[in-house]
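Everything below concerns the one structure shown next.
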Amino acid sequence: RRAALAMDNVRLYQQEHAVADTLQRSLLPELPAIPGVESAAHYVSASTAADVGGDFYDLLHLPDGSIGVVIGDVVGHDIAAAAAMGHLRGLIRACAWEAPDPDPGVVLARVDRLVQGLGVASMATMVYARAVPPAGDGAPWRLTLASAGHPPPLLRTPDGQVQLLDGVTGLLIGVDGSLPRRSTTIDLPRDATLLAYTDGLIEQPGTHLDEGIAELVDCLVAAPVGAGPRQLCDAAVAGSLDGRDDVAMIAVRFC
């Protein structure tokens, strides 16, 4: 009887985890096909609990022709976090779409004010990047990004080198919506790939996040020089994942 009860519990856990995973994935978008970019995303649910979480990503083809890239993580691992994630993804989409000032720092500041004013989420981390297409033949893409307490995205150049984009950060969403947010701008060489991820990809028990980021960088550097976004996502999650937290990532190559 004990063995049968144990098996029933295992089956119940598996069913709950499958339902939670399906719910989580239903809240994540299908990446749109956008001329001039290649993209891929990856999501792995936590293996140690049947909870849904607040990890999300998004890719936007904005009305002015620019490209918006979003990665975020709502604090918590429950239905409330998943619901808040859905609301937050809607807010960043609305704030980025035809924004009076498209600067990512301004957009994140508006999202923060709306989150606190509407009580959408307790706290969340987020990166919002906006890429402007080249102005002419041979010109680079122009990338501007802002961060709300989120792990820094990475830039993989066409020769396979990886750069940490950690030049700007700010408070988490939900802490103080009255403060202005800074952004930073860089030029992207053609065929450079932006990779953004949530902290479940770099967290390991007993180690600092910097060590996890360094391991991720090594995985990406080791990928073939011509690797596309899907290959880079696969390389990123091929390492030792802790499994206690969800993992979301998005890779966008600017051609």
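Can you name the residue in region 54-106 that is aromatic (Phe, Trp, Tyr) and buried (at least 21 other Cβ atoms within 10 Å of the Cβ) and, of all such residues, is modelled with the highest pLDDT?
Our first condition is that a residue be aromatic (Phe, Trp, Tyr); within region 54-106, this holds for 56-57, 97.
So of that shortlist, the ones also buried (at least 21 other Cβ atoms within 10 Å of the Cβ) come out as 56-57.
On the way: PHE56: 92, TYR57: 95.
So, considering only residues that are aromatic (Phe, Trp, Tyr) and buried (at least 21 other Cβ atoms within 10 Å of the Cβ), the one modelled with the highest pLDDT is TYR57.
Please find, among ALA129, ALA146, the residue that is out of contact with any Asp or Glu (no Cβ under 8 Å at 6 or more places or on another chain), open to solvent by less than 10 Å² (accessible area, probe 1.4 Å) and in contact (Cβ under 8 Å) with a residue 24 or more places away in the chain. First the steps, then the outcome.
Details: ALA146 fails: out of contact with any Asp or Glu (no Cβ under 8 Å at 6 or more places or on another chain).
Within the list ALA129, ALA146, the selection yields ALA129.
Here are some residues: ALA109, ALA121. Which one is aliphatic (A, V, I, L, M), crowded, with 17+ Cβ neighbours inside 10 Å and either outside any helix (DSSP H, G or I) or touching a Ser or Thr at 6+ places or on another chain (Cβ under 6 Å) (or both)? Explain how you work it out, then say what you get.
Values: ALA109 fails: either outside any helix (DSSP H, G or I) or touching a Ser or Thr at 6+ places or on another chain (Cβ under 6 Å) (or both).
Only one candidate passes the filter, namely ALA121.
Looking at region 204-226, which of its residues are over 15 Å from the mean Cα position of the chain (by Cα) and in contact (Cβ under 8 Å) with a residue 40 or more places away in the chain? Explain how you work it out, then say what you get.
Restricting attention to region 204-226, the residues satisfying the condition of being over 15 Å from the mean Cα position of the chain (by Cα) are 204-212, 214-215, 217-226.
Of everything in region 204-226, those that are over 15 Å from the mean Cα position of the chain (by Cα) and in contact (Cβ under 8 Å) with a residue 40 or more places away in the chain turn out to be LEU209, VAL217, LEU220, VAL221, ALA223, PRO224, VAL225.
Condition first: touching a residue at least 40 places away in the same chain (Cβ under 8 Å), more than 24 Å from ARG89 (Cα to Cα) and out of contact with any Asp or Glu (no Cβ under 9 Å at 6 or more places or on another chain). Can you find one or more residues in region 163-171 that meet it?
Yes, the conditions are met somewhere in region 163-171.
The values are calculated or read from the model by the stated rules, or taken from the named source; none is laboratory data. Just so it is clear, the structure is predicted and the values come from calculations on it, not from any experiment. Virtual Cβ from ideal backbone geometry, glycine too; neighbours counted across all protein chains shown. Each accessible area value is taken on the protein alone, full model and side chains, heavy atoms only, with ligands, DNA and RNA left out. Shrake-Rupley method; radii C 1.70, N 1.55, O 1.52, S 1.80 Å.
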